[in-house]
Structures are given as C-alpha cells and as structure tokens.
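Notes follow once the structure below has been shown.
Readers should treat all values here as calculations from the given coordinates under stated rules, not as data from a laboratory. Please read these numbers as outputs of a predicted model, since none were measured by experiment. Backbone-built Cβ (ideal geometry, glycine too); neighbour counts: all protein chains shown.
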Amino acid sequence: MSNIDENAQGKEMGLTTCPSCNKLNEQKQTHCTRCDSLLMVRDTTSLQKSWALLITAAILLIPANIYPITMLTDRGRIRHDTIFTGITHLVQSDMFPIAIILFTASILVPLLKIVGLTIYLTAISFRLPISKKMLMVGFHIIEWIGRWSMLDLFVISITVALVNMGQLLDAKPAPAATAFALVILLTQMAAKVLDTRLLWDRLESKDDKNRSTKSR
C-alpha cells in the first residue's frame, strides 16, 4: 500500500473514464466495455470549444442589457424596457423582493458565470498557480447556479400571458430576450463541453502540493 501514489491519475495507470457511464476502462480499448461509447483519454479540443462559447456569450451580454427585453403596449402607447429599467420600475412600485430576484437572475448570475468561467479557463490555459480543489469547487458552483439563470425569461413569459388583454394591454418579448437566452445557453454549454480533467493535467499548484504533503 505504501507504494501507491495517492495523487496518481488514471491515465498514468493506463485507465480512462467512459464519458457516458463513467466506467473505468483500459486506455488500449477504443470503446467502453459497458455502453460501447467512444473512449477518449482527454478531449484536448474542449478547451478551445469552451473559450469560443464563452467569448460569444460575453459579446451577446452587451445587447442583452442595452436593448429592450420587453415591449408593453398600453392603450396605444408603447413602452420598451431593458433589464435594468424593468428592475427600476419594480423598485419604484415597491416590489423589492421581485426586483432583487430579477437583478440576481438577470444581471448578477450571468456576469458571475462569465467571470468565473473566464478565471477557470485562464487558469488551465496559462497554468496559473491556483488551487485545483478551489477551482473545482468554484466550477461546481457555476454549474449549480446556472440553472437559475433562466428565471428572468420565465418571468417575461408569465408576464406576457397575464397582461396580454388584446388591444388595450399587450406585452411581448423584445430583441434582448433572444440575446439573453443565448447568453444563458452558451455559458451552460461552455461549462458542459469542457473536459475538467484538463485542470489536473495542466495546473501545477503549490497549494495542492502543500495540502497533500501535510496530509501524509
């Protein structure tokens, strides 16, 4: 047991994980012995794919916040609301809890996801000396909060269904709604396509080494 390296990776032992069922297979095998999925020791192209999706999402975040996300027609008068002006109207109407929820889901969460993924991908690409364990915890948090990012679009769809009263009062999604939905979709895809095993291959963190040394 003393000869076993606790920090040894599967690829160093000639093993790889199936991307579909997570079964350990020998690297010499081309397909999983359980589900017959194609095996790949590391998806080296996933880093470029994730960068491309993240950069596209960051670009789309600009029109998503600048252009109107809803268009309200009230007795012939048309009012366009961006994400920020919509939150402002909620605050002015004393709907602070809803305003906080929309601010968190529409502005804070997408921004934090983009910043967090940027730090994560930069750490892998440039081998930054950041704790791998800390990065993995942050990555799992990004994946978890991502599911709440669509809350603003759900609110828009519910609002449209509730206030749509024919010619007197009509609410419709505006162009920014499409851009915002694409931001959420692309950031989710950027996190999903990335082979997180690249983190353990490319990073050499002093913090992780110190932790492993102290634990022995």
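Overview of values
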item: Built amide H within the under 5 Å cut-off of Lys23, gap 5+; result: Cys18
item: Cα pair distances in the stretch 27-143, grouped into 10 Å bins until the bin that holds the longest one, percent each; result: 11, 27, 25, 20, 11, 6, 1, 0
item: Estimated FRET transfer efficiency (Gln48, Thr104; beta-carbon r; R0 45 Å; 0.05); result: 0.90
